[in-house]
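Everything below concerns the one structure shown next.
The values are calculated or read from the model by the stated rules, or taken from the named source; none is laboratory data. Everything numeric here is computed off the predicted structure, so don't read it as measured data. Note: ideal-geometry Cβ built from the backbone for every residue, glycine included; neighbour counts use all protein chains shown.
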Number of protein chains: 4
Amino acid sequence: MVVVMNPGAPQAQLDAVVARIESAGAQAFVSRGLARTIIGVIGEPSLRTELNLSGMPGVSTVLQVSAPYKLVSSQAQAERSTVWVGPEGRAVPIGPGTFTLVAGPCAVESALQTLGAARLAAGAGATLLRGGAYKPRTSPLSFQGMGEDALKILADVREATGLYVVSEVIDPADVDLVASYADMILIGATNMQNFALLDSVGRRGKPVMLKRGMQATVDEWLLAAEYVAQRGNCQIVLCERGIRTFETATKATLDLSAIPLVQRLSHLPVVVDPTHCAGRRDLIVPLARAAIAAGADGLLVDVHPDPENALVDGPQALAGAELRELASAVRQLPPLMGRLPAQPCGQMASQTLS
Amino acid sequence: MVVVMNPGAPQAQLDAVVARIESAGAQAFVSRGLARTIIGVIGEPSLRTELNLSGMPGVSTVLQVSAPYKLVSSQAQAERSTVWVGPEGRAVPIGPGTFTLVAGPCAVESALQTLGAARLAAGAGATLLRGGAYKPRTSPLSFQGMGEDALKILADVREATGLYVVSEVIDPADVDLVASYADMILIGATNMQNFALLDSVGRRGKPVMLKRGMQATVDEWLLAAEYVAQRGNCQIVLCERGIRTFETATKATLDLSAIPLVQRLSHLPVVVDPTHCAGRRDLIVPLARAAIAAGADGLLVDVHPDPENALVDGPQALAGAELRELASAVRQLPPLMGRLPAQPCGQMASQTLS
Amino acid sequence: MVVVMNPGAPQAQLDAVVARIESAGAQAFVSRGLARTIIGVIGEPSLRTELNLSGMPGVSTVLQVSAPYKLVSSQAQAERSTVWVGPEGRAVPIGPGTFTLVAGPCAVESALQTLGAARLAAGAGATLLRGGAYKPRTSPLSFQGMGEDALKILADVREATGLYVVSEVIDPADVDLVASYADMILIGATNMQNFALLDSVGRRGKPVMLKRGMQATVDEWLLAAEYVAQRGNCQIVLCERGIRTFETATKATLDLSAIPLVQRLSHLPVVVDPTHCAGRRDLIVPLARAAIAAGADGLLVDVHPDPENALVDGPQALAGAELRELASAVRQLPPLMGRLPAQPCGQMASQTLS
Amino acid sequence: MVVVMNPGAPQAQLDAVVARIESAGAQAFVSRGLARTIIGVIGEPSLRTELNLSGMPGVSTVLQVSAPYKLVSSQAQAERSTVWVGPEGRAVPIGPGTFTLVAGPCAVESALQTLGAARLAAGAGATLLRGGAYKPRTSPLSFQGMGEDALKILADVREATGLYVVSEVIDPADVDLVASYADMILIGATNMQNFALLDSVGRRGKPVMLKRGMQATVDEWLLAAEYVAQRGNCQIVLCERGIRTFETATKATLDLSAIPLVQRLSHLPVVVDPTHCAGRRDLIVPLARAAIAAGADGLLVDVHPDPENALVDGPQALAGAELRELASAVRQLPPLMGRLPAQPCGQMASQTLS
């Protein structure tokens, strides 16, 4: 932390700031200049105290210099992590050296639709199946998901296809239920700072995919991951899905600079969801390609066997020609980035985990 | 809804769009121009169907023309609502014709601190006491609130001062507990789209203050209110507290145009929290004055008897000279806007409710 | 400036940074902590050198601690400035203690329309007349202004009404021409970082109104003013007109926190244009009231005698009932803020300048 | 255009809107629903009239349905354009089927530095040399460029290396001068809506690279291009360089969805500048890779033989290992996107233009 004093702040104000820093058990290093004095603060103040330095007389600004997150930081662990999804011995990796496609319907609507989507997903190279049982919808009039019935369908489709299940939870009270069916829990963008949910998911100890909030800085995203990690669960995969900007031609602006950035700031894997930010099908494959080339550890996309009759986000679900293009990109580009090509589940396990 | 076709879209594509609209029980009005054809869609499609028109071949854009919210809309009720907080007969109004100051500590830290803050609040003209028992904090290392102990303190301070209590809830499982102590439930900005929480608060039927999310459009804010209203609870007060923009000189950009705007779009009362967007004490009073002049139905501010030792957001809490300035603005400006001046609780009740 | 080194950066990297700082004639103060070392940099590096410290090995971040502007800073002059518009002895002030209304048509369309607008403006309390001769339009198909013919009309209307003229320039080559007719030059939002124009206007030495760019931080706005001031022209009035955000219900988000903020950071007067950010007539008066209450030194609004036939921005021009409401706000609120009420030009001059 | 009336708007208001539409020579198609009436407007109103429909009584919203740009639209020309830079017969293409690297120093500082940078650029596969003679700098204290001396150096380096020159102009008065030395004129982000400059560059008829403003929507960007095209110059290459968002970890957020989007909306080529949005060297190559994979027609990057002593933006200039990585990406990825690999100038011309 660095405290910048106002120009001409009197000695008494400086002394008061130094005293407050030292009373919290930290050290203050004072650098006096002609125009201003700055104070370097070294040492962690105790957890439950805010120093409130920025409100003290004579203080111009307080600048943070250390990353506010610890466990998820690349300083805590220099080597990038791999998160394993699925039962031990047959789990699917998300992390450096591999490339993982997570695909499936935005919402589970029926067994048939989910199975159809899962087969499309597997055909395109997916090893994990996404499917929503609880949908956070902007409008209370929209379809909110089938709940536990959807989770049962997902479990059945896992049996039939070998794809492990990623499913979203939106209520802390449902974490155990979702975790009993799914192999990985998804925390959606609107819930990135739902701290009760982060707490509950953190304590449950299942792999987690944490989407970035549309309003969240990279620091806040990593702090949300830190909540989960602090509860003892470090099996966290970050998912960039676009931030909210003034541009309305797309639903959100995919921030691909966040991929190399979080790979430098944190050891956690990071995947990209190009579906929901594009808001139109014809932009998804170019953005998926860009995500792979930016270094993402995987992709999350919507597929649907009949997008025109989808109950949620049909215009963004891939099928047909666009899905074939995606499959081709997922085969072709990851090897150029030093990653094993994505392959149907059984094969991948045997090749990459032996 | 208006569907805009691509220039030169063939008749078959147009027919398919019309067929889909009509199959959902709505009517399609086709206007053919030289360059483009547009289709007006009249009639509400059924709740659980998405028409997915934007993904159909030949469709350029789909434009919404009706407000997506219903119960909270000014079309549902032309007259602006008043929300009453507190026990019947002695409740405090928030709405047109009055001006309500809600003040208190960001977080309850002790009985003494809360009582001190409440007395400062009442002295400045507050009739409602804010005080956090559960704090949604960006970092897991920050003080997270005292929980039920804080709620007990708030109830005691209500006894001592006559100020009714507004307190935040962040977990749907805590709604009943908070509602058993507080007179009004606060939903914070990070939880505006926490749909499980909206559902739970909506079912509980206690007055609610709903803060706008930092990333939320006015439409999304009103849709969040619609969730609560749909569960049968229309005692909703909106609270503007700043949106996230590129400007970093303040923590958020207070959007005061939202005040007259939501007062035209909705019948719900709307108050302003100038504290957390300013991020520095010296901007709060000018923003509070601006909020009153923009037509707000009330203000929400942090006060603290000892801001320099506050555990949460001390640099933004008012005390001393700034609080006196705020009190003066709250006495002086609302009458010019056709509102009764805020007054200490007992008096206000006797004057305004007789 | 503060340089934050990476955790564990070796001594050689630290030495290199210190050497570079000292070679530019500045001083380096090193504070060593357990985890990190930070270096305070004191003394201005020479103008034509960039230190490029942020690209050096071992450097984590470089933080600016001084305001990057000098002449327009409140550190250069503690007392807030007044800018005088119009001929000496009869000029109109913009600054602390007074409140100035600038009103008129967005674009000059004819002598009759401009005279009509000017009379409406004067009736509402304006002492300065805005009127565009050169319009920066987003589309090349829109009306671009009447050029010098408009300037002649403005000069005639000044004769007829006593209102001094504020008019926009968009090409550095036109600065002399506009300055020969107008009493104050307006630099629009799209030109805030048109450095050739800032240079030309700075050298010309006429009072300037500098609108904030829709993408500009407060710091960048003040740096744009610094360009003008550096060329010898300190007669600068800032104008807040809304910044671009994700909210599309209004054309831009008026940032009223910028008013008290720039009044603390700078000595320059600051006015508010509520017209173009609202994008709809019914939000303008509430925003105008809020601007006065936030402490603005004046307002800039569009008035038009026949808004429905305006060639530019008719839906935002005030007339009739809304204009009367504005006039009432401009009479009523500034005195509460310690400012002389705005009055028709002759009277104001006699009262405030004697 | 679609006009949406207020619910319950009386017939007289509807009639007035229809009358105004028809008086401007357009056609009105009325669709009446239970709740609302909407009016489709077909036919272009004349250029110098604004219909001002949005301010008329009873009007709720006016929605644009046609692209506001014409000449640069993909409706004007279905096939994507190629822009040729350099003398006829030996010119370098930017457009579909090829991939063009533009590289060089942000600012020309000396002949030696420029030659060094040009050689690095050519070695990395560049066929065009960027180099600034006039620099738009946020602060008036920063280095503003060497002006005509820089242009002479660039012309000499073109002789020595065969790389054609791209150089920025910031004052309309300098367009002829810059065009007499450079092969392509660059319009920077701060000048995207400098309409006097667009006008001057449009009339000059030299190939133009038009950067997107940090606050500009895709529509506004294309309208800026339309200004240039309307003056008779269609040799326009768009350049995405990041938009301003709330995220401060990078200087701007690169919007790669804009690449496929403008390639659908417009026939103009589009390149990406990953340098200035990253703000740090280690993010540039991942973003460059992503840009290629998203389908960009080329890249614009800063290279400098001695970044640590650069006068402008040294921390973002590529050299050494990062430049080698970029060169490798520029060789490897474009062929996968169906583009000829970038090659040193002479060879490329012989291969691609025969």
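Observations, loosely collected:
- When residues of segment C:331-342 are limited to those that are away from every other protein chain (no Cβ under 12 Å) and closer than 14 Å to C:Ala124 by Cα, the one modelled with the highest pLDDT: C:Pro341
- Restricting attention to segment A:218-251, the residues that are more than 7 Å from every other protein chain (Cβ to nearest Cβ), among the β-branched types (Val, Ile, Thr) and out of contact with any Gly (no Cβ under 8 Å at 6 or more places or on another chain) total 1.
- Qualifying residue in segment D:103-111 (condition: closer than 30 Å to D:Lys152 by Cα, among the polar types (S, T, N, Q), more than 14 Å from chain B (Cβ to nearest Cβ) and assigned to a loop (DSSP other than H, G, I, E, B)): yes
- Test for C:Ser81: is it within 14 Å of chain A (Cβ to nearest Cβ) and of a type in the set (Ser, Thr, Tyr): no
- Strands (runs of 3 or more DSSP E) contained in segment D:1-98 and holding at least 1 residues modelled with pLDDT of 90 or more: D:83-85, D:92-94
- When residues of segment D:5-40 are limited to those that are among the basic types (Lys, Arg) and closer than 29 Å to B:Gln77 by Cβ, the one surrounded by the most Cβ atoms within 10 Å (Cβ to Cβ): D:Arg36
- Output for segment D:241-260, where each listed residue is part of a loop (DSSP other than H, G, I, E, B), within 17 Å of A:Ala258 (Cβ to Cβ) and touching a strand residue (DSSP E or B) at 6+ places or on another chain (Cβ under 8 Å): D:Gly242, D:Arg244, D:Thr245, D:Phe246, D:Glu247, D:Ala252, D:Leu254, D:Asp255, D:Leu256, D:Ser257
- Residues that are under 30 Å from B:Thr245 (Cβ atoms) and in contact with an Asp or Glu (Cβ under 7 Å, 6 or more places away or on another chain) are absent from segment A:288-299.
- Taking segment A:285-340 as the range and being among the polar types (S, T, N, Q) and touching a Leu at 6+ places or on another chain (Cβ under 8 Å) as the test, only A:Gln332 passes.
- Inspection of segment D:139-159 identifies no residue that is among the β-branched types (Val, Ile, Thr) and either in contact with a Phe, Trp or Tyr (Cβ under 9 Å, 6 or more places away or on another chain) or part of a loop (DSSP other than H, G, I, E, B) (or both).
- Scanning segment A:138-146 for any residue that is away from every other protein chain (no Cβ under 14 Å) and touching a residue at least 12 places away in the same chain (Cβ under 8 Å) turns up nothing.
- Some residue of segment A:167-186 being on the phi > 0 side of the Ramachandran plot and either crowded, with 24+ Cβ neighbours inside 10 Å or not hydrophobic (A, V, I, L, M, F, W, C) (or both): no
- Number of positions in segment C:150-171 that are free of Cβ contacts under 8 Å to residues at least 24 places away in the same chain and more than 29 Å from C:Thr98 (Cα to Cα): 0
- Residues satisfying the stated conditions in segment D:163-189, i.e. assigned to a helix (DSSP H, G or I) and closer than 18 Å to D:Arg241 by Cα: D:Ala189
- Hits in segment A:91-102 - residues which are in contact with a strand residue (DSSP E or B) (Cβ under 8 Å, 6 or more places away or on another chain) and not β-branched (Val, Ile, Thr): A:Ala91, A:Pro93, A:Gly95, A:Gly97, A:Phe99, A:Leu101
Residue by residue, here is whether (1) in contact (Cβ under 8 Å) with a residue 60 or more places away in the chain; (2) touching a helix residue (DSSP H, G or I) at 6+ places or on another chain (Cβ under 7 Å) holds:
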residue	(1), (2)
D:Ala173	no, yes
D:Asp183	yes, no
D:Thr190	no, no
D:Leu198	no, yes
D:Val201	no, yes
D:Arg212	no, yes
D:Ala216	no, no
D:Leu222	yes, yes
D:Cys239	yes, no
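- Taken as a whole, segment D:139-157 holds no residue that is at pLDDT 95 or above and closer than 17 Å to C:Ser139 by Cα.
- Whichever residue in segment C:291-315 is without any contact (Cβ under 8 Å) to a residue 60 or more places away in the chain and either more than 10 Å from every other protein chain (Cβ to nearest Cβ) or assigned to a helix (DSSP H, G or I) (or both) and, among such residues, is nearest to the chain's Cα centre (by Cα): C:Ala291
- Some residue of segment B:315-324 being in contact with a Gly (Cβ under 7 Å, 6 or more places away or on another chain), modelled with pLDDT under 90 and crowded, with 18+ Cβ neighbours inside 10 Å: yes
- Residue in segment B:103-126 that is touching a strand residue (DSSP E or B) at 6+ places or on another chain (Cβ under 7 Å) and of a type in the set (Ser, Thr, Tyr) present: no
- Which numbered condition C:Gly58 fails, given (1) of a type outside the set (Ser, Thr, Tyr); (2) within 28 Å of C:Gln235 (Cβ to Cβ); (3) surrounded by fewer than 23 Cβ atoms within 10 Å (Cβ to Cβ): (2)
- Condition met for D:Val285 (part of a strand (DSSP E or B), closer than 20 Å to D:Thr100 by Cα and either more than 10 Å from chain A (Cβ to nearest Cβ) or of a type outside the set (Lys, Arg) (or both)): no
- Count - residues of segment D:190-221 that are within 9 Å of the chain's Cα centre (by Cα) and either assigned to a loop (DSSP other than H, G, I, E, B) or surrounded by fewer than 24 Cβ atoms within 10 Å (Cβ to Cβ) (or both): 3
- Inspection of segment A:261-279 finds a residue satisfying the criterion of being part of a helix (DSSP H, G or I), buried (at least 24 other Cβ atoms within 10 Å of the Cβ), in contact with a helix residue (DSSP H, G or I) (Cβ under 6 Å, 6 or more places away or on another chain) and modelled with pLDDT under 95.
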